[in-house]
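The values are calculated or read from the model by the stated rules, or taken from the named source; none is laboratory data. What you are looking at is a predicted structure, and each value in this text was computed from that prediction instead of being measured. Note: ideal-geometry Cβ built from the backbone for every residue, glycine included; neighbour counts use all protein chains shown. Only protein heavy atoms, including side chains, enter the accessible area calculation; ligands, DNA and RNA are left aside. Shrake-Rupley method; radii C 1.70, N 1.55, O 1.52, S 1.80 Å.
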Amino acid sequence: MESKEKIAKLILGKFRERSGRVGHFIMTRTYNHTVIPVLNPKEQNLFKDVANDLIDEGYIRYEIGKSGQEGFRLTEKGYERIYA
């Protein structure tokens, strides 16, 4: 589905934007303020599913950071996909 691929690119693109390396952490609130608002309502509903797909496929991990904030951590596989 085209929308799912677009959302996946936006999620991983945020790591690329920040020159993310393996282990880089981005809080979910960053996505709530920068990515989700640019999606149409249908895509907004897909965001969580796409994030879970990326987790299941090993590109990112969901974690609670040191400050207690929820977020995503870039894996080696995700790093390779972003910079391939």
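All conditions but one from (1) over 18 Å from Ser3 (Cβ atoms); (2) open to solvent by 50 Å² or more (accessible area, probe 1.4 Å); (3) at pLDDT 95 or above; (4) outside any strand (DSSP E or B) apply to Asn52; the one that does not is (1). Taking the stretch 1-43 as the range and being open to solvent by 70 Å² or more (accessible area, probe 1.4 Å) and among the β-branched types (Val, Ile, Thr) as the test, the residues that pass are Val22, Val38.
From the residues in the stretch 55-84 that are loosely packed, with under 15 Cβ neighbours inside 10 Å and charged (D, E, K, R), which one is farthest from Glu2 (Cα to Cα)? The residue in question is Lys66.
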